[in-house]
Amino acid sequence: MRHDPTFWLLARASGLTAYVMLTLSILAGLLVKSRPFRTLKPAAVVDLHRILAMLGLGAIAGHAAALVLDTTVKVSIPGLFVPGLVSYRPVWTSTGILAAELMVLVYASFSMRKRIGPKNWRRLHWATYAIFAMATVHGLAAGTDASRPWAFALYAVAVSSVAIAATWRFIVPPATARARRPAGRAAEITPRRRGEQPA
Amino acid sequence: MSTHLIQIDRSLCSGFGSCLKEAPTVFALDGDGLATLLVAETADEAVLAAAASCPMGAIAVFDLETGQEAA
């Protein structure tokens, strides 16, 4: 009797779903500042960015659960958290584990922003590029479907869209700077007496 | 208690809206979705928390008496 493929199919589907959610969340995050679509309110895009990241983490949880329940590849529960314990393509499964753990860290940092400070929170967000690279490599090298044309197209679209959005984000000045010259950081402000109206 | 002068660097502001939650009487989002000031000066200490909460570090608060940056 053939083994039940349900969880194996779920593992593949949830892995791809997580990758799509991660990609969309990154794209939303990159749009917050560069704002190519001026009608989008940044606060709404930030909410979307967080929700997509949360959905991505949910899909990763499903991916992990399905891999444990499935019998095609033997994955233990510690194997989900500790890189190197999975015998199936150990380097590339470990890459996925590290990407997921980093993603949890970056996601959790949003709630800890006040404690760690905005600067550290933004620095930690740089890890997202590593997460995306690792998730892409993990999907291509460990994914069962990576050799299918549709899956390859998915990875190609994801990588190129993130590359374009990131380039836009860093090359094109922010929308506000385009609309008006920045007033400059008021570092050299002179003390004024109480009662004077600001210029 | 000192009076605070608030400045928003709108080229940094990304419209997170965290300042509004800390000091709703001082900050608002404009039609562009970016933070704007309802008052230029205030004695409300909540502006210090608002400046600290800004993810982009776009809010500067100055002590009006000394001219020193307070947050």
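Some values worked out for this structure:
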quantity: Test: residue in region A:89-106 that is open to solvent by 40 Å² or more (accessible area, probe 1.4 Å) and among the hydroxyl-bearing types (Ser, Thr, Tyr); calculated: no
quantity: Number of the exception - A:Gly62 against (1) free of Cβ contacts under 8 Å to residues at least 24 places away in the same chain; (2) away from chain B (no Cβ under 14 Å); calculated: (1)
quantity: Filtered residues of region A:107-138 (kept if modelled with pLDDT of 95 or more and buried (at least 19 other Cβ atoms within 10 Å of the Cβ)); calculated: A:Thr128, A:Ile131, A:Phe132, A:Met134, A:Ala135, A:Thr136, A:His138
quantity: Counted residues, region B:41-59 - those being surrounded by fewer than 17 Cβ atoms within 10 Å (Cβ to Cβ) and facing chain A (nearest Cβ under 7 Å); calculated: 1
quantity: Pairs, first without any contact (Cβ under 8 Å) to a residue 40 or more places away in the chain and aliphatic (A, V, I, L, M) in region B:1-30, second assigned to a loop (DSSP other than H, G, I, E, B) and open to solvent by less than 50 Å² (accessible area, probe 1.4 Å), C-beta under 8 Å, six or more apart; calculated: B:Leu29/B:Gly15; B:Leu29/B:Gly17
quantity: Selected residue (criterion: nearest to A:Leu40 (Cα to Cα)) from residues of region B:30-40 that are more than 7 Å from every other protein chain (Cβ to nearest Cβ) and open to solvent by 10 Å² or more (accessible area, probe 1.4 Å); calculated: B:Asp32
quantity: Selection count, region B:5-28, where residues are open to solvent by 20 Å² or more (accessible area, probe 1.4 Å) and within 12 Å of B:Val47 (Cβ to Cβ); calculated: 6
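The values are calculated or read from the model by the stated rules, or taken from the named source; none is laboratory data. Here the structure is a predicted model, which means the values were calculated and not measured. Cβ atoms come from the backbone with ideal geometry, glycine included; neighbour counts cover every protein chain shown. When the accessible area is computed, the model is the full protein with side chains, heavy atoms only, and any ligands, DNA or RNA have been set aside. Shrake-Rupley method; radii C 1.70, N 1.55, O 1.52, S 1.80 Å.
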